[in-house]
Amino acid sequence: MEKIRLILLEEFVKAQARNPSYSMRSYSKKIGVSQAAVSEVLSGKRPLTAKTAQKILSGLDKSPAEIAGLLEAQERPQASKYKSLDMDTFHLISEWHYYAILSLAETKDFKGTAPWIAERLGLSKKLTEEALERLLRLGMLEKSKVTGEVRTTGEQFEAISEIATPALKKANRQNIELITDALESVPVERRDFTAMTLCFDPDRLNDARKMIKNFRRDFTRVMESGKKKEVYKICIQLFPLTGRAK
């Protein structure tokens with residue numbers, strides 16, 4: 001019932017954005033579920049039963065078709081199309097250009113040769129050849145038996161990001177460097193840099209992580225559904241400004 005729990009949270013956040021004084025008590029009254037139950041469901045302390053989920057969705061003015069679809073989806077086992085990378089594998093390919101090559105391999109005009117890839121990504125031929133060799137060895141790319149060129153396997157990969165490791169910190173630093181470079185070198189009409197400052201309960205950080213993860217996956221699904229012409233990187237950072245050690 002995780003999807004429905006996030007819907008419950010998102011609707012409350014939207015209501016508070018419209019009216020900062022909007023309380024959990026008012027929200028609970030609107031959807032017809034006790035305040036204690038709503039609070040425990042949002043915090044993950046109470047499992048969400050099908051009966052309560054249906055009541056919540058009805059209180060959020062979801063149509064019968066939407067409710068049936070959401071409840072049915074929650075009952076089906078969800079097979080993720082993302083393949084998780086263990087830390088040992090991620091350590092081997094933590095440099096930004098590995099993922100850029102994997103994404104570039106999905107473009108329609110992709111040519112799986114080191115010179116072509118190097119030119120498209122602004123890399124040296126030697127670095128590109130080393131990256132291709134490693135990605136092939138790890139099974140993240142495959143080689144055509146007919147042309148000998150490398151190509152995508154169709155799989156998508158993600159690393160476990162909850163544990164700070166030297167490789168993950170290095171990858172995050174590289175992302176910051178890429179952002180800084182793009183700020184100076186990429187015209188504003190070809191990029192979108194935005195930021196916002198907000199205040200919320202740090203006990204909800206896990207909810208924030210899940211919402212961001214869902215957004216990334218939904219964003220990827222929608223944006224990659226059309227023609228794949230260029231490789232982009234989207235970075236989302238959430239960190240505290242208050243309560244930090246000085």
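Going by what's in this entry, would K169 be described as touching a helix residue (DSSP H, G or I) at 6+ places or on another chain (Cβ under 9 Å), open to solvent by 60 Å² or more (accessible area, probe 1.4 Å), assigned to a helix (DSSP H, G or I) and modelled with pLDDT under 90?
Values: touching a helix residue (DSSP H, G or I) at 6+ places or on another chain (Cβ under 9 Å): no; open to solvent by 60 Å² or more (accessible area, probe 1.4 Å): yes; assigned to a helix (DSSP H, G or I): yes; modelled with pLDDT under 90: yes.
No; evaluated as a whole, the condition is false for this residue.
Search the stretch 108-120 for residues being under 13 Å from V150 (Cβ atoms) and part of a loop (DSSP other than H, G, I, E, B), and hand back the single one that is most open to solvent (accessible area, probe 1.4 Å).
K111
Which residues, counting only those in the stretch 213-246, are farther than 24 Å from T107 by Cα and of a type in the set (A, V, I, L, M)? Reasoning before the result, please.
Looking only at the stretch 213-246, we keep the residues that are farther than 24 Å from T107 by Cα, and these are 237-246.
Residues satisfying the conditions are L238, L241, A245.
Can you go through G154, G148, G139 and tell me which one is touching a residue at least 12 places away in the same chain (Cβ under 8 Å) and at positive phi?
Every option except G139 fails the conditions.
Pick out the one residue from S43, S21 that is open to solvent by 60 Å² or more (accessible area, probe 1.4 Å) and under 19 Å from N214 (Cβ atoms).
On the way: S21 fails: under 19 Å from N214 (Cβ atoms).
Answer to the check: S43.
Here's the yes/no breakdown for (1) part of a loop (DSSP other than H, G, I, E, B); (2) in contact (Cβ under 8 Å) with a residue 40 or more places away in the chain; (3) open to solvent by less than 80 Å² (accessible area, probe 1.4 Å):
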site: L135; (1), (2), (3): no, yes, yes
site: E184; (1), (2), (3): no, no, no
site: F193; (1), (2), (3): yes, no, no
site: A208; (1), (2), (3): no, no, yes
site: M211; (1), (2), (3): no, yes, yes
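Picking from R244, R221, which residue would you name as being open to solvent by 100 Å² or more (accessible area, probe 1.4 Å), without any contact (Cβ under 8 Å) to a residue 12 or more places away in the chain and more than 18 Å from the chain's Cα centre (by Cα)? Walk me through it before giving the result.
Working: R221 fails: more than 18 Å from the chain's Cα centre (by Cα).
Of R244, R221, the one residue that is open to solvent by 100 Å² or more (accessible area, probe 1.4 Å), without any contact (Cβ under 8 Å) to a residue 12 or more places away in the chain and more than 18 Å from the chain's Cα centre (by Cα) is R244.
Give the residue that is most open to solvent (accessible area, probe 1.4 Å), with candidates limited to residues of the stretch 46-86 that are among the aliphatic types (A, V, I, L, M) and at pLDDT below 75. Talk me through it step by step, then tell me what you get.
Going residue by residue through the stretch 46-86, those that are among the aliphatic types (A, V, I, L, M) are 48, 50, 53, 56-57, 60, 65, 67-68, 70-71, 73, 79, 85.
Next cut, at pLDDT below 75 only: 73, 79, 85.
On the way: A73: 27, A79: 99, L85: 10 Å².
This residue is A79.
Being under 28 Å from W116 (Cβ atoms) and not aromatic (F, W, Y) is the filter here, so list the residues in the stretch 223-245 that pass it.
We begin by selecting, within the stretch 223-245, every residue under 28 Å from W116 (Cβ atoms); these are 223-235.
Of everything in the stretch 223-245, those that are under 28 Å from W116 (Cβ atoms) and not aromatic (F, W, Y) turn out to be M223, E224, S225, G226, K227, K228, K229, E230, V231, K233, I234, C235.
Which condition number does R151 fail, the rest of (1) touching a Gly at 6+ places or on another chain (Cβ under 8 Å); (2) of a type outside the set (S, T, Y); (3) in a loop (DSSP other than H, G, I, E, B) being met?
(3)
Just the residues that are assigned to a helix (DSSP H, G or I) and in contact with a helix residue (DSSP H, G or I) (Cβ under 9 Å, 6 or more places away or on another chain), please, taken from the stretch 89-98.
Initially, the stretch 89-98 is screened for residues assigned to a helix (DSSP H, G or I), giving 89-92, 96-98.
Selection gives F90, H91, L92, W96, H97, Y98.
Could you give every pair whose Cβ atoms fall below 7 Å, whose first residue belongs to the stretch 25-51 and is on the phi > 0 side of the Ramachandran plot, and whose second residue is part of a helix (DSSP H, G or I) and open to solvent by 70 Å² or more (accessible area, probe 1.4 Å), counting only separations of at least 6 or pairs across chains?
G32/K55
The values are calculated or read from the model by the stated rules, or taken from the named source; none is laboratory data. Keep in mind that this is a model prediction, so the values were computed, not measured. All Cβ positions, glycine included, derive from the backbone under ideal geometry; neighbour counts span all protein chains shown. These area figures cover heavy atoms from the full protein model, side chains too; ligands, DNA and RNA do not enter into them. Shrake-Rupley method; radii C 1.70, N 1.55, O 1.52, S 1.80 Å.
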